[in-house]
Structures are given as C-alpha cells and as structure tokens.
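Peer 1: Supplied in structure tokens, the structure appears directly below.
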Amino acid sequence: MPNPTIADTLLDERSRTEILAPDALEFLGELHGRFDARRRELLGARGERRARIAAGGTLDFLPETREIREDSAWRTAAPRDDYADRRVEITGPTDRKLVINALNSGARGFMADFEDANSPTWHNQVSGHANLIDAIEGTITYESSDGRHYELAEETATLLVRPRGLHLPERHLAFDGVPGSGSLVDFGLFAFHGAPRLAAKGLGAYLYLPKLEHHLEARLWDEVLAFAEDALGLDRGTFRATVLIETLPAAFQMEEMLWELREHSYGMNAGRWDYIFSAIKTFRERPDAVLPDRSAVTMTVPFMRAYTELLVRTCHGRGTFAMGGMAALIPSRTDAAANQRAIAAVRADKEREAGDGFDGTWVAHPDVVGVATAAFDAVLGERPNQIERRRDDVTPDAAALVSLDATPGDVTEAGLRGNVSVGFQYISFWLGGRGAVGLNNLMEDAATAEISRSQIWQWVHNGTRLEDGTVIDRALVTKILDEEMERIRAEVGEETWAAGRPEDTRRVFEAVALGDDFPEFLTELAYELLD
C-alpha cells in the first residue's frame, strides 16, 4: 500500500483528526495502490485514440463489443426501493449553506458536486466531506452573517455525490511521492465516511461518474466500487452509479458501460454542456465540424437529438434510469420579464425530456424545482419512473451522432464576445474558490466555460468568419478581451477587480483559448494556481 502524505497547508482540527484520520488515509492508500496505475494507463489510451481522430479518423460503435449490444437478454440491477423516483435532481457544490438549501429544495435528489460546480481548493475538498457527514447524520446547520439560521427540513432530498473526473489530480495528498487522483480521493473519502452511515439507515450510496470516454473506464470504476464494498463490509450493490454521458466517445459505448457496471449501475445522464464541449474538442481541427454561437447549440439540433434519444433507448432497454440534462437558466428576482423567460425555457426543456422518455432531470436552482417537477408529474403521474417505456423507434446511427455540420446558426460578434466574457469571468471566480457562478441569468460551471473557450480556439484555428465576413483571429479575440476586461473592471470596482486575480485569469484564459496547443481541460492548467 502506498504511503500517503498530506501537504503542509492549514487544516482545522476536524479535518486533521476525522476527515483525514489515519484509517481514512489508509483506505485512500489502498485505493491508489490497487487502481491508480490502471487509471493512468486508461488516461494514456485516451491520448492514443485522440491522435487517431486528429489524423483523420472518426468515431463508430466498437466491433469487438457487438455481442454485448446485440444480446437483448441482460439487464442492469433493478432500482433500489429507497430511490426509485428521481424526477428532479438539483446539483451544486458542497458549501455548507448550499448543501442545506439543496437538500431542502423539494427536489427528489441532490447531487453534491466535487467536480464541475466546484473549485477544488484544499479547503473546499476537505470541508465538503465534513458537510456531507453532517448532512447524512441530519445535524448540519449554518448561521449566516445576517443572523439567519439554516437547518434540514423534515423531508430532504436523496444524496448523490460526484467525484472529480479520472484525469484530475489531488496535489495536496501524495502517495509515495506521487500526487493523488482527485477521483479516488473524492470517492474514497465519501465511501469511507459516508457509505457506512447511509447503509446503516438502509440507504444506498449514490454516485455520479463524470467524463468517462471508454467502457474500460467504467470497468475500472466497477472494480473500485466492489473493492470498497468488500473493504468496508457493505453489501454488494450498496454503491450505485449513474454515468454521465458527457463525452462524444462515450455515446458510442453506452451499452458497454452499462454492462461493465451492471450490479452497480443506476443509469445514465445526458450531460449536455460537457457533451457539446467534447464534440468541439474531438473534432476541433476540422472546418466541417465548426459549431455556431454557443446559444444556437440547443438540445434539438441534430447531433444532440440523436444522442439524447439513443440514451433513453439504451437505458430503458437495459432496465435502468435515463436522466435528462441540466437546466442552466436561473430565474431573476429583480427582472420580471427575464424571470418569465427563464421559467418558460425551463418548462419547455423539461416537457421535451419527459415526453422523450427520460425518468428525471437536473436543475441548478431551487426556484425552478417546481416547474421541472410539474413537467415530469404531467407524464409520470404516480409512477416513480417510466423505465418500462422502450424507445425501439430509435435506431443507433453513428453518422447522426457526429453530424455537427448539420447544426444551424451563425457565428456572431455577440457570440464571440459572450464567450470571451464568460470564459474570463468564470476563470476568475474559479481561481477565487467558486466553481458555480450565476452570469447573465445562466448558471455557469466548468462545463459551460469549457464550451466558451473551446469555441474560441476552434474558431481561431479554423479561420472562422463572423456574419459580416470578419475573420476570427488572435488579434480580434485579444481586442475583445481587452474591452471586456475594462468593462468588467468598471462594473465591479477596483477592490473587487484586484481580488479577482486579473493577471492570473488572463494568463489562463489566453493559454486555454488562444494557445497553439489545445489543453484538454482548463481546470488542469488552472489547478496549479489554486491554494
């Protein structure tokens, strides 16, 4: 077992003696000793597959796993009785007040996010696990600076946890001198502290697994979950995992991922924003794959429609949940017209998902839980889900899944400027420790920021033209960046501007949006600047 060491950073007494107690660190060491080498090997395979795409290859269903896809007999484990109704799940970071509000929101589930809605400062990571322990035990409270008291209601949402993706490190914990895996650290601390407490209450330990690209990565997670159950004395199937289909390669291996996770599977989720980012990233050098303004890439464009309908068909065909995507729109409490537009957009989005056969959906804000719930109530009624609804009318179509060139819309100066502004502002907030930020009535997280910066990179490197014929190049983006920085500075004031680390923010933005090479994830590069 690798020997764990903790970085010499300021931790409170509870973090040192409970969250990172010797037996918890020993468990993390076991996870890394057994699985980290394989994790690194699988990440290397991603690079090899990416190189084949860059050389002109494309994506297709795997011939070597055809038997799994064509065998109609197998099913994943049935839903657990304690969480068979998932019609609305709310997501958010593990900040103490936000955890309480999310659990009290009226949603059926709350996904506590250590990934895209989180800035992985060491404090955020460790305190997040303390907050989840208190939430599971029902003792979590919060006293705000204005004197308001927060505590859990009598009925609360079911807890789900999303660890970081396989690619992200945890440099505050090392194992024999090698930085830890963010995914194994996040999962390991939740498994060690949370899962036994949940099991004692007769509840499952529910997870979301992000950023998977290949079914062998799902196999790794299945082995991790089985090991943790054995090591912690938990029944098989205590851990149940929903896979986020948020990479383009994963859309071609949904059957195989469900197969690998069979006894631990809890379905799949249409992770729409990361999926758009992945589509851009996968074919970023190809002029025929250039997408229009981010706002034009809706869930009804051909390649997104093909993916979501196939997800429902695949999950329901194997007896498990199909979960809809995030509603990023957030209501305005000061602008009645903007509020009405946001509510109407969320309602239409959720009505489409419920009508397509999804069993539930995601929202980012408590104020839209009601409208999302109503959309699913209208279809589900008293049923907990609609897993029985097969979508045999949907035919797997590899060409449709990669039909980015069929996306209607233009590349406009407003779209480019919006990408620059959102990308810059989000990076600034992220470096300051916030991973989910409301901007322009949208909840921006790492996934939506990735769309913004990857579109800029794609447009620059393909010489894309704006509506008026202007070529998008580095000079144009730099000019807009200068203008947006001055605008933001004037809006927020000098003190807030300086606290937002503008020089670091600009350096990261230029590296991920304007660099010669394309960093796979902006969070990997920016992570070195976090405390």
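Values in this text are rule-based calculations from the coordinates and carry no lab data. Model, not experiment: these values are computed from the prediction. In this analysis, Cβ positions are derived from the backbone assuming ideal geometry, glycine residues included, and neighbour counts consider all displayed protein chains.
Peer 1: When a/c is below 1.5 the answer is rounded, else prolate if a/b is larger than b/c, else oblate, so apply that to the stretch 410-527 with a ≥ b ≥ c taken from the square roots of the Cα gyration tensor eigenvalues.
Peer 2: Prolate.
Peer 1: Still on this structure, I have one more. Which length gain, in nm to one decimal place, applies between ASP71 and ARG417 when the Cα-Cα distance is subtracted from 0.36 nm times their residue separation?
Peer 2: Using 0.36 nm per residue and subtracting the Cα-Cα distance, I get 119.7 nm.
Peer 1: With each label point set 7 Å from Cα along the Cα-Cβ vector, what nm distance links ALA499 and GLU223?
Peer 2: Between ALA499 and GLU223, the label points sit 4.7 nm apart.
Peer 1: Would you give the gap between the C-alpha center of the stretch 26-68 and the C-alpha center of the stretch 160-239, rounded to a whole Å?
Peer 2: After rounding, the separation between the Cα centres reads 18 Å.
Peer 1: Sticking with this one: What is the stretch 325-448 by shape, rounded, prolate or oblate, if you read a ≥ b ≥ c off the alpha carbon gyration tensor as root eigenvalues and call it rounded for a/c under 1.5, prolate for a/b larger than b/c, and oblate otherwise?
Peer 2: It is oblate, given that a/c is not under 1.5 and a/b is not larger than b/c.
Peer 1: Let me ask something else about it. Below 8 Å between Cα atoms, with a sequence gap of 6+, how large is the relative contact order for the stretch 410-527 in percent?
Peer 2: Here the relative contact order equals 34 percent.
Peer 1: Whole-Hz Karplus ³J(HN,Hα) for the stretch 81-96, in order, using 6.51 cos²θ - 1.76 cosθ + 1.60 and θ = phi - 60°, x for Gly and Pro?
Peer 2: 5, 7, 7, 9, 10, 10, 4, 9, 10, 9, 10, x, x, 9, 4, 4
Peer 1: Still on this model: Using a/c under 1.5 as the rounded threshold, could you call the stretch 242-345 rounded, prolate or oblate? The axes a ≥ b ≥ c are square roots of the C-alpha gyration tensor eigenvalues, and prolate needs a/b larger than b/c, oblate otherwise. It would help to have the intermediate numbers written out before the result.
Peer 2: Numbers: a/c = 2.67, a/b = 1.35, b/c = 1.97.
Oblate, since a/c reaches 1.5 and b/c is not below a/b.
Peer 1: Reachable lysines from LYS479, Cα under 21 Å, same-chain residues fewer than 8 places away excluded?
Peer 2: Those lysines meeting the cut-off do not exist here.
Peer 1: Rounded to the nearest Å, what's the spacing between the alpha carbon centres of the stretch 434-460 and the stretch 70-86? Just the number, please.
Peer 2: Centre-to-centre (Cα) distance: 34 Å.
Peer 1: Tell me, in nm to one decimal, what length is gained between ALA78 and GLU41 on full extension, where the rule is 0.36 nm per residue of separation less the Cα-Cα distance?
Peer 2: Contour length minus the Cα-Cα distance gives 10.1 nm.
Peer 1: While we're on this one: Between ALA398 and LEU62, what length comes free when the chain is fully extended (0.36 nm per residue of separation minus the Cα-Cα distance, one decimal in nm)?
Peer 2: Between ALA398 and LEU62, full extension yields 119.9 nm more.
Peer 1: Please turn the phi angles of the stretch 483-498 into ³J(HN,Hα) values with the Karplus equation 6.51 cos²θ - 1.76 cosθ + 1.60 (θ = phi - 60°), one per residue in order, whole Hz, x for glycine and proline.
Peer 2: 5, 5, 4, 5, 5, 4, 4, 5, 6, 8, x, 5, 5, 5, 4, 5
Peer 1: Taking the alpha-carbon distance from LYS97 and a cut-off under 15 Å, which aspartates and glutamates remain once sequence neighbours fewer than 8 residues away in the same chain are dropped?
Peer 2: Here the aspartates and glutamates satisfying the reach criterion relative to LYS97 are ASP113, ASP134, GLU143, ASP146, GLU151.
Peer 1: Next up: Show the residues, 5+ positions off or on another chain, whose built amide H is closer than 5 Å to the amide H of MET443.
Peer 2: LEU329, ILE330
Peer 1: Also, quick follow-up: Which of the lysines could a cross-linker span from LYS211 if the Cα-Cα distance has to be under 22 Å and same-chain partners fewer than 8 positions apart are dropped?
Peer 2: Within the straight-line limit of under 22 Å, LYS211 reaches these lysines: LYS281.
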